[in-house]
Each structure stands twice: as structure tokens, then as C-alpha cells.
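Contents: one structure, followed by commentary.
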Amino acid sequence: MKRLAVYCGSRMGAKPHYEQCAHALGTAMAERDIDLVYGGGKLGLMGVVADAVLSNGGQVFGVIPEALRDYEVAHQALSELYIVKDMHERKAKMTELTDAFIAIPGGIGTLDELFEAWTWRALAYHHKPFALLDVDGYWQHLSLFLDGVAQQKFMSDARRALLIETDDINDALDQLTRACDGKKSQFIW
């Protein structure tokens, strides 16, 4: 795994541990020579992850829509910043640039990005793995909901199993690295 897309909030959130985790994730990525692909902003957890990767010698590739460039206050110190037309192009470009995806705490944008990556993987549009990094139980309710979706037969157990879930940064990076084995994707019903 050479590049990892991190989905996260453009806000810091309610708990200081979210910011600490974002910094620790960025640091761990740089230490492992894993470049960051992310939404291109300097605010919130997005900015924390980017700054941690950059300050530890890593490369950061931001992708931001024109309309959000000023609103999100685009990060100006990135290795490369891609300005795209809209959110659809942003997600497609991030998918193109990355080898895997991870979500840390965030809001509806984070969920949108995660679910699109998951859907595209399940439909064999890509073969890239994705994970939830459960910081202080942040994703616990979502995980239970997803279990319920599978139990109610609106998602197969195979699709449910695609989502890597852990509360440990190194475990997440290890699992994602192992899952980046180059196998061709197949449709997962």
C-alpha cells in the first residue's frame, strides 16, 4: 500500500482524542512511507492528518471541488492539490489516486465517501480495501446498524465482511496492507 485515502471530518469533533488519533494516523502513515490522499482542506481532522503526514516527511495529495476550495480553506502546503468540478469528480479522483480507504470520525461527507467506496468495491468497480478506525467507540452504532442490515438480508454476509473494523491504527494499516494484494475484484452479492 503506497497511498491511503483518509475520510474524516472537516471539524475537530467533541472529543480531544479524535484529533490525537488523526495526528497519530498521519504520523504512522509517514513512518510507513504511505502517502495520504484526502479532501484537500486544512480545517478539522482533515488538516490534522495532512499536517502530521507532511511534518513527518510524507507526501499528501488533496482533492477539492472548486466550490469548496475557498469554503474549506484549501491546504496550501500539499505535495499536490487537485481542483475538480464537483463532489462526484472528487470521489472518483480520490479512488483513482489511492490503494485503500480508511474512515476516522467525521460526518455525512465521511459516510458518503465510505459508502461509495464500499458500493464500488462490492460492484467490482475497484478492488481496494477499506476500513473503519473506531476511535473511542465512534463507529459502534454504525457497526451495529450494518450488522442489522445484514441480518435483515438487505446485505450479504460477504458484503458485510468487506468492511475492516478495528480500534487500533497499526492493526488497521496492517490489515489494509495485507488486503492490497492486487487481486482482481469480483462482484460481491
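Annotations for the structure displayed:
- Neighbour counting of Cβ atoms within 10 Å sorts the residues Asp112, Asp157, fewest neighbours leading, into Asp157, Asp112.
- 11 Å beta-carbon shell around Gly106, net charge (K/R +1, D/E -1): -1
- Counted by neighbouring Cβ atoms within 10 Å, the residues Tyr7, Tyr71 run from fewest to most as Tyr71, Tyr7.
- Computed extension length for Lys15-Leu142: 43.9 nm, one decimal, from 0.36 nm per residue of separation with the Cα-Cα distance subtracted.
- Close lysine pairs were tallied over the chain: pairs 8 or more places apart or on different chains with Cα atoms under 17 Å apart number 8.
- Across every direction, the projection of the convex hull enclosing the Cα atoms of the range 70-189 has a mean area of 8.6 nm².
- Most mobile of Lys93, Lys85, Lys153 in a GNM of the chain (Cα contacts under 10 Å): Lys153
- Degrees separating the helix 16-31 axis from the principal Cα axis of the chain, which is the longest one: 90 degrees
- Reported to the nearest whole Å, the Cα centre-to-centre distance from the range 118-189 to the range 1-68 is 20.
Read-outs: derived from the displayed coordinates by stated rules, not from any lab. In this text, all values refer to a predicted model and were calculated from it rather than measured experimentally. A quick note on method: Cβ atoms are made from the backbone with ideal geometry, for glycine too, and the neighbour counts reach across all protein chains shown.
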